[in-house]
Each structure stands twice: as structure tokens, then as C-alpha cells.
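*Asks:* Got a structure for you, questions after.
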């Protein structure tokens, strides 16, 4: 039953994307603004470093600034900020 459900969900999402739908992520505005700021800062400061190191630095800074935010939400905000650059 789960296989059929997964296939139907994938087909539905594919049809929605064909119709122009773009998935949006519910990220808090202040968290997203902080992520953009930290991504730009860390990218400029650690230009020669690996991407995983930069991500960990941004994640640490976000969790310090927003201690009540979940790590998962912070990681999603980082990904959205990187893709927006």
C-alpha cells in the first residue's frame, strides 16, 4: 500500500510542477535573513575552505543567534540562502 501511495504522491507532485507550481518552504523571515547574512559573510571569509566547513560555521552561528530554532529549520534556511546566491 505504501508503494502505491508513494507513486501517486510523486505523480501528483510531477503534475503540479508541470503546471508551474514551485514548492515553497515555510521558513521564518528572521531566520532566513540571518541565514542570508551568515552565508554571505562565511563565503567571503572562508573562500578557500570546503563547503561542508562553511555550512557548519553558518549552522553554528544560526543556532547561536536563534537558540529556539530547530536544527532542521536552520539547515533548510542555509540551503535556501545558498540557492538564492
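Quick note: the coordinates plus some simple rules give every number you see, no bench work behind them. The structure presented is a predicted model; accordingly, all values stated were derived computationally and were not measured. Here Cβ is always computed from backbone atoms with ideal geometry, including for glycine, and neighbour counts include all displayed protein chains.
*Asks:* Within region 54-74, take every residue that is free of Cβ contacts under 8 Å to residues at least 12 places away in the same chain and part of a helix (DSSP H, G or I) and give me the one that is farthest from residue 28 (Cα to Cα).
*Replies:* Checking each candidate, the answer is 56.
*Asks:* Pairs under 6 Å by beta carbon, first residue part of a loop (DSSP other than H, G, I, E, B) in region 40-53, partner surrounded by 13 or more Cβ atoms within 10 Å (Cβ to Cβ), six or more apart or different chains?
*Replies:* Partner pairs satisfying both residue conditions: 46/54.
*Asks:* Now a separate question. Determine which member of the set 77, 33, 16 is part of a helix (DSSP H, G or I) and either touching a helix residue (DSSP H, G or I) at 6+ places or on another chain (Cβ under 6 Å) or surrounded by fewer than 11 Cβ atoms within 10 Å (Cβ to Cβ) (or both).
*Replies:* None of the other options fit; the residue is 77.
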